[in-house]
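Report on the following structure.
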Amino acid sequence: MRRKSRSKQQFGATPQGEIQAALAPYLVERTYSPGEFLFYEHESADGLYIVRQGRVEMTIGRVSGSTISFGCCGPGMLVGTGTAVSGRAREYSARAATSLTAWFVPRKAVLEQMQANLLLALDIGRVLAGETARSTELALQLRQRKLGPMLVGR
């Protein structure tokens, strides 16, 4: 069996455009006003989002009831990928930081397409690896600031 290979430059490039192309038949466009939530922490994951226009802010709850903002995603970036693939509850909340247009992809479609398309599965794996690295960095920063114990338990 011959496989189509990618050049180093293509493989090193951000895979979001390729993910969007592979999932194109399943994209459902949604619009959000500033401050409106895409999803809430601890909800069941029903899919992932690809930001088309605008920015998404990600927050995590603290025991005190306040939240910590830990990042933003802009056009072309994926939001909620980890839980869409794993099926676990959402680990953070995502809200529109600006007027937002995003494509939603149902979890079932993501999983079916990952099984059928090895390159898509690898690209999503690369996105997840990046998310893991950013989460580890955030955890270290929180520990240094002694905020870790104030986070809502998992």
Convert each backbone phi in the range 49-60 into a coupling constant with the Karplus relation 6.51 cos²θ - 1.76 cosθ + 1.60 (shift: θ = phi - 60°), then list the ³J(HN,Hα) values in order as whole Hz, x for Gly and Pro. 10, 10, 6, 9, 9, x, 9, 10, 9, 10, 10, 10
Taking θ = phi - 60°, what integer Hz values does the Karplus form 6.51 cos²θ - 1.76 cosθ + 1.60 yield along the range 138-144, in sequence order, with x for Gly and Pro? 4, 4, 5, 5, 5, 4, 5
Would you pull out the residues with amide H under 5 Å of Gly76's amide H, same chain only if 5 or more places away, H placed 1.01 Å from N? Val51, Arg52
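What shape does the range 48-126 take by its C-alpha gyration tensor, where a ≥ b ≥ c are the square roots of the eigenvalues and a/c under 1.5 counts as rounded, a/b above b/c as prolate, and the rest as oblate?
oblate
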Between Arg52 and Ser86, what is the label-to-label distance in nm when each label sits 7 Å out along the Cα-to-Cβ direction? 2.9
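Bear in mind that the values in this text are calculations on the coordinates, not laboratory data. Source: prediction; values computed, not measured. So basically every Cβ, Gly included, is an ideal-geometry build from the backbone, and we count neighbours across all protein chains shown.
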